[in-house]
Amino acid sequence: MSQKVRELYEQFPYPLRDPGQEKDRLLMPPIDTLSRVNHYCFGGTKEFDATFRALVAGGGTGDSMIWLAEQLRDVGGSVTYLEPSAASTKVARARAEARGLSNVTYVNQTISEFARSKPEPFDYINCAGVLHHLEDPEEGLRDLTSVLKADGAMGIMVYGEHGRLAVTEWRKMIEPLLEGKDLQQQLAMTRTLLSALPEDNMLLKMGGGPGFIKGLLENDPEIVDLLLHPVECAYDVHGVYDFASSAGLHVAAFTGFFGFGGTGKAHYKIDNLVRDPAILRELVAKPLRDQQAFCERFSGAMPLHAFYLTREDKSQTAEMLPDAELAPYFFVPPNKTFFDDLVALAGQPVLIEDGSGNAVDLTGGPDLARLLAVFDGKKTVAELVAILRDEILDTQPIDMNSIAINTLGAVWALFHKFDWMLSSKPGGWQKTDGERTLSVRKI
């Protein structure tokens, strides 16, 4: 880590957080939600107990550390918070103390310094918004890999090349004005420019309008991190895969991050963006990474990439119907009237939505509610197939087992699209989403 980067985070701990707010809210970064980590990285089979060790590398003011420690506190799991900035550590420690978290170890070192100390390896490593600020990001990723268990996983976030074009152009614009100014002077100049942005400026469009700029002007650390950082790089989808490969890792899945949807993987799905059947057929025949790269450019609105990395390639299996011995469950729980509403609206076009902008429209038959009601997290895929075959579907003089498997697969694909359903061992780690619920309404 360069000296300029160290100095930046001592002056401006990032992100801006007030430990006094911990009593009022818990921030839950989607990438570190252990139900997702279990499903995408561990095939739903991980035991989260006192032996589970998580590392937050470049922990900043503590968002990921707090969320992981909260999830692990009741099972005895531990979190190591790694952060070279004393100012950021002071904020993170105060937040943890406000919550009474005692399962955190604080280490004030850089990633490379920590790796050289050869600590006991970790089950899960979070490194969000950090590697793209290193002078050698690939070396940083290799250092993290060296402290990862053989079957461990990482949750990584890096800047996105195409969706971040507005920031890239801004940095090019102001670069000639930065020479000879210290960071406080650069900040003052940037605030002046932001206060008088033309209405067609790309930053306004990237952020969604004037509210984005207003928020920036109230948050100096955000301005500095976004627009004045001395070291940064960005990646497109192919760059993400190459980055992972440089450390001998595979992209298991793309996921969500704060401010960009709770289930960002949907943005990388061709059928969510392309409606023309002929073009869709042609794209689906391409390798997965080429499909995702098309989505990134076609969308043009991915300012970052959040994803899981594993040593074993799990990218395809995570999207398939889970193995027969696993139990699908509602990660986003249905609301109290969900099943009754489905029955009442059987045969009519309905919209199923989660309140965060994710929705699917369908026309469900009378048996859809019966099938969904048995996804209780206890019944395995094999048991669900048997129930569907023997109790729900109309018997026909053909292979009913194949029909049941195909039907279950279609339902899984629909509800896994936005992570509404995940899978684990029966009765295993099945903590549900604390922010969303599923509802049904007539279209």
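The values are calculated or read from the model by the stated rules, or taken from the named source; none is laboratory data. All figures in this text were calculated on a predicted structure; none of them were measured in a lab. With ideal geometry, Cβ positions are generated from the backbone for all residues, glycine too; neighbour counts draw on all protein chains shown.
Odds and ends about this structure:
- Helices (runs of 4 or more DSSP H) lying entirely in segment 62-121 (those with 3 or more residues that are touching a residue at least 60 places away in the same chain (Cβ under 8 Å) and over 26 Å from K46 (Cα atoms)): 86-98
- Total residues in segment 370-402, condition over 20 Å from A346 (Cα atoms), surrounded by fewer than 16 Cβ atoms within 10 Å (Cβ to Cβ) and over 28 Å from the mean Cα position of the chain (by Cα): 11
- Considering only residues in segment 262-283 that are under 27 Å from G43 (Cβ atoms) and either among the small types (G, A, S) or modelled with pLDDT of 95 or more (or both), the one that is surrounded by the most Cβ atoms within 10 Å (Cβ to Cβ) turns out to be G262.
- Residue check, G365 free of Cβ contacts under 8 Å to residues at least 60 places away in the same chain and within 20 Å of C41 (Cβ to Cβ): no
- Across segment 397-432, the qualifying residues are those that are touching a helix residue (DSSP H, G or I) at 6+ places or on another chain (Cβ under 8 Å) and charged (D, E, K, R), and the one among them that is modelled with the highest pLDDT is K431.
- Within segment 225-246, if we keep just the residues that are within 18 Å of the chain's Cα centre (by Cα) and of a type in the set (A, V, I, L, M, F, W, C), the residue that is nearest to R171 (Cα to Cα) turns out to be A234.
- Residue among V251, V240 that is at pLDDT 95 or above and in contact with a His (Cβ under 6 Å, 6 or more places away or on another chain): V240
- Considering segment 12-58, the residues that are part of a helix (DSSP H, G or I) and touching a helix residue (DSSP H, G or I) at 6+ places or on another chain (Cβ under 6 Å) include one that is nearest to Q184 (Cα to Cα), namely P19.
- Set side by side, the residues A150, A166 differ, and just one is in a strand (DSSP E or B), under 25 Å from the mean Cα position of the chain (by Cα) and not aromatic (F, W, Y), which is A150.
- When the test is whether a residue is in a helix (DSSP H, G or I), of a type outside the set (A, V, I, L, M, F, W, C), closer than 23 Å to K205 by Cα and assigned by TED's automatic domain parsing to the domain that holds S64, R297 passes it.
- Any hit, segment 35-56, residues being aromatic (F, W, Y), without any contact (Cβ under 8 Å) to a residue 40 or more places away in the chain and not assigned by TED's automatic domain parsing to the domain that holds E435: no
- Taken together, S112, S88, S117 contain a single residue that is among the small types (G, A, S), over 30 Å from D323 (Cβ atoms) and in contact with a Gly (Cβ under 6 Å, 6 or more places away or on another chain), which is S88.
- Any hit, segment 123-130, residues being of a type in the set (A, V, I, L, M), farther than 21 Å from S2 by Cα and not assigned by TED's automatic domain parsing to the domain that holds G300: no
- G259 meets the conditions (1) surrounded by 20 or more Cβ atoms within 10 Å (Cβ to Cβ); (2) within 22 Å of V167 (Cα to Cα); (3) modelled with pLDDT under 95 in every case but one. The failed one is (1).
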